[in-house]
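Below is one structure; the comments refer to it alone.
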Amino acid sequence: MAAENVTILRTMLRVPWHILLAAAVLVTVGSLALYSASEGSWTPWAGRHAIRGAVGGAIVLILAFVDFRLLRIWAYPLYFVSIAMLIVLLGIGGGNGVARWITVGGFTFQPSEPTKIAVVLALARYFESQPIEKTRSLLTYLPPLAMIAVPFYLVVEQPDLGTAMALALGSLAILFVAGLPWRYILVAVIGLAASLPVLWSQLHPYQKARVMTFLNPEADKLGAGYQITQSKIALGSGGIFGKGFLMGSQSQL
């Protein structure tokens, strides 16, 4: 019993409490900001934000007691489970990319989110098994690129380009940390730049509208650029210190 208590104490001491505290402060501030922007209502945004933050904190504490070596064992299974869930979404959407969420027992979640973690774990597992000298060879990076391409394609088909880009960037960061030579990175950047016209032609109309709105929100203040325009007005009217809690003018529109 004493040994178990010592183990629990050691585990608790290893938990990065300063990071959890910072995250808790951010979640609290975010919840209050959403509460203020919703004219003093916890539903639907502020309450959901607070609940998700609490659930996330609980998961972190639970994982703190899990032997990290289990992640090595479960890395590939978690990856394939994530791929399977993304394929199920395509089936739910009839292959037309109209589904992003799965509901199980009243709980709704987006499979593309845990997929980000699963891909990173699988890539880390792969490179952990490779000799250091092999990380200089291009052939070593072909399997990881395939591991990234499959979920990237499935998420794009939902369609959810933003999440797909986040997944790709996070995964490519693992390749960089693993030792991907700069010459390959340079070639990839040049190839991406050259393919931009083709990629642009493949975007959905609403995705093109978002890009154009980002570049010039003033072009459609009452349409696609409405949110950005209102955000700029809110920042300008509030100044450095803001107007005060529940006093935001733009939230009263």
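Brief remarks on what is shown
- Binned Cα-Cα distance frequencies in region 68-200 - 10 Å width, integer %: 12, 38, 33, 15, 2
- Here is how the number arises for the chain: DSSP H runs of 4 or more residues each give -39500 (n - 2.57), the sum is divided by the residue count, and the result at 222 nm is -22500 deg cm²/dmol.
- Dipole magnitude for region 110-253: about 220 debye, using +1 per Lys or Arg Cβ and -1 per Asp or Glu Cβ, origin at the Cα centre.
- Under 14 Å, Cβ to Cβ, from V119 - net charge with Lys/Arg +1 and Asp/Glu -1: +1
- Hydrodynamic analysis of region 101-154 uses the Kirkwood radius over alpha carbon pairs. Inserted into Stokes-Einstein at 4 °C and 1.567 mPa s, it gives a translational diffusion coefficient of 100 µm²/s.
- Histogram of C-alpha separations across region 194-235, 5 Å bin width, %: 6, 23, 25, 18, 12, 9, 6, 1
- Surrounding net charge for F109, when Lys and Arg each add one and Asp and Glu each subtract one, Cβ distance under 15 Å: +2
- Seen from V55, the other residues with C-beta closer than 15 Å to its C-beta sum to a net charge of +1, counting Lys and Arg as +1 and Asp and Glu as -1.
- Only Cα pairs under 8 Å and 6+ residues apart enter the sum, and on that basis the relative contact order of the chain stands at 17 percent.
- Based on alpha-carbon atoms, the Kirkwood radius and the radius of gyration of the chain give Rg/Rh equal to 1.01.
- Among T213, T163, T43, the largest mean-square fluctuation in a Gaussian network model of the chain, built with springs joining Cα atoms closer than 10 Å, belongs to T43.
Coordinate-derived values only; no laboratory data. Remember, it's a predicted structure, so these values are computed and weren't measured experimentally. Neighbour counts are summed over all protein chains in view; Cβ atoms, including those assigned to glycine, are modelled from backbone coordinates with ideal geometry.
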